[in-house]
1. Do we have any residue at all in the stretch B:168-186 that's in the same structural domain as B:Ala78 (by TED's automatic domain parsing), touching an Asp or Glu at 6+ places or on another chain (Cβ under 6 Å) and either at pLDDT 90 or above or of a type in the set (Lys, Arg) (or both)?
2. Might you check whether a residue that is of a type outside the set (Phe, Trp, Tyr), assigned to a helix (DSSP H, G or I) and facing another protein chain (nearest Cβ under 10 Å) occurs anywhere in the stretch B:182-199?
3. Which condition number does B:Ser60 fail, the rest of (1) part of a strand (DSSP E or B); (2) within 12 Å of chain A (Cβ to nearest Cβ); (3) buried (at least 23 other Cβ atoms within 10 Å of the Cβ); (4) at pLDDT 85 or above being met?
4. For the stretch A:183-220, which residues satisfy the criterion of being part of a loop (DSSP other than H, G, I, E, B) and among the hydrophobic types (A, V, I, L, M, F, W, C)?
5. Out of curiosity, is A:Glu233 within 14 Å of another protein chain (Cβ to nearest Cβ), surrounded by fewer than 19 Cβ atoms within 10 Å (Cβ to Cβ) and not in a loop (DSSP other than H, G, I, E, B)?
6. Any chance you could count how many residues in the stretch A:175-206 are in contact (Cβ under 8 Å) with a residue 12 or more places away in the chain and at positive phi?
7. Inside the stretch B:102-174, counting only strands (runs of 3 or more DSSP E) that do not spill past its ends, which hold 1 or more residues that are within 12 Å of another protein chain (Cβ to nearest Cβ), out of contact with any His (no Cβ under 8 Å at 6 or more places or on another chain) and of a type in the set (D, E, K, R)?
8. Taking the stretch A:80-90 as the search range and keeping residues that are under 19 Å from the mean Cα position of the chain (by Cα) and closer than 15 Å to A:Thr32 by Cβ, which one is nearest to the other protein chains (Cβ to nearest Cβ)?
Amino acid sequence: MMRAMSTSASGMRAQQLYVDTIANNLANVNTTAFKAARAEFQDLLYQTIAPNQRQAAAAGIQPVQIGHGVRLAAVRRDFGQGSTMVTGNALDLAITGDGFFRVELPDGSYAYTRDGSFSLDGEGSLVTAGGMRVAPGFSFPETATEVGVQRDGRILVRSDGEQESSELGSLEVYRFANPAGLRAVGSNLYAETEASGQATLGEPGQDGLGTVESGLLEMSNVSVVEEMVRLIEAQRAYELNSKAIQTAEDMLGVTSQIKR
Amino acid sequence: MIKALHSSGQAMLVQQRRHELIANNLANANTPGFQKLISRVEQAPLAAVPGQTARSAGLSVSALTSTAQGPLESTGNALDVALMGEGYFLVETPDGPRLTRDGGFALGPDGELLHSSGHPVLADGGSLRIDGQPSILPDGSLLDSGRAAGRLSIVRPLAGTELRRGGDNLLEAPGGYEEVPLEEVSVQAGRREGSNVEPLEEMVAMIRAFRSYEMAQKAAQAADELLRVAVERVGVLRA
């Protein structure tokens, strides 16, 4: 009886974690380039209850395996492409493919992002919405009047009084063998891990890396309808598990009433 | 009389086991590729003792793995695969090969195809590495950026043998397993099989188990009552 209770409790805990990830997805439904996450479960260990020797011999009864519930296996992120939104801002960039922009963190290490809502800071550097420098580092001249980003990542700048625009540099676009292994560090940034593999510099537009599109932003890939369906699913599963606990409790009550 | 008490107790224990199985099914209502365990109460035939009347036989619970197809869900992930019909994917663990229907695979740090338990998935009897863009065909073949990389091993336990569970969405086939013939294999990439637990069935089973438990308790109480009467009324010396 106690086993059924803890089994169902593990089920309720699992559904709670499921709801937690759904809530986070829904909270980020309008976050630029947010990737939906999903909790995944595995069954727990089983205990084998063997029939007594005589019964087993007489009827060939198999031992029965009773499980102990469920546990969280992983929270996986779906790196599918989000829809794009037209902003018209030349420094709003979307990657249509598997690529990531590289940004430099204040401590000198690197993180990766698909959120291309870039702007210029006071020193003329290209920075993310969070103020991190975009690799490989660009310094825009103060006299720049027109900025354009090509689909292959080249940044073109035309200064005041000039006829032709000149190339300032190229955005670095990286890819990972297993993006699902990336670690989310907040602020729309991901860090490289052993599971994701090393970031490899790619050529925009080649091998599915995607082109850099100026004037567009990638929206989150959260599907609200799907999340709502999962939310209902999780809530009902939570209820079912609580019923199993209630039943176990009722059975305990019945047991204690055998002796009057 | 004591025997009746004993039988009732055994019946209660059996229903308790059934409820534990149901609780585990419900806890795994969202576990990918989970196959529910269906409990069955069995009466062991009497080991007839000559010269004695039949008495309570030993009750026991057995559990069968349901191989019903679970619902498929589109995930869009190229490495999520759902098996249609019978069969299991094969996973290499330190304790030997294990079977699974949880097809949520991922690539490890060195491009190795891994099961959600972190163990390598077997293809053509060995593990598999993918360096480029993976894709999976309906016959279970894996492509690495369009190049053939191997075929997922898809097996089934030998007829008449039961599977044993070890957690982590893995099953052991102590009776051995065989390759599923190629023409019977149907794999859908980008989709994932959910748990085949039917909440309604489990709720009904739970009510039945609970009521049977109550009835067995009443039988125990009745046996107890008869004993009490026997002790208190029979053979009372009247002055």
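The values are calculated or read from the model by the stated rules, or taken from the named source; none is laboratory data. Just so it is clear, the structure is predicted and the values come from calculations on it, not from any experiment. FYI the Cβ positions are ideal-geometry reconstructions off the backbone, even for glycines, and counts take in every protein chain you see.
1. Yes, the conditions are met somewhere in the stretch B:168-186.
2. yes
3. Just one mismatch for B:Ser60, condition (4).
4. A:Ala195, A:Ala199, A:Leu209, A:Met219
5. Here the answer is yes, as A:Glu233 does meet what is asked.
6. Selection size over the stretch A:175-206: 4.
7. Because the criterion is at least 1 residues that are within 12 Å of another protein chain (Cβ to nearest Cβ), out of contact with any His (no Cβ under 8 Å at 6 or more places or on another chain) and of a type in the set (D, E, K, R), the strands (runs of 3 or more DSSP E) in the stretch B:102-174 that meet it are B:141-144.
8. If we take residues in the stretch A:80-90 being under 19 Å from the mean Cα position of the chain (by Cα) and closer than 15 Å to A:Thr32 by Cβ, then A:Gln81 is nearest to the other protein chains (Cβ to nearest Cβ).
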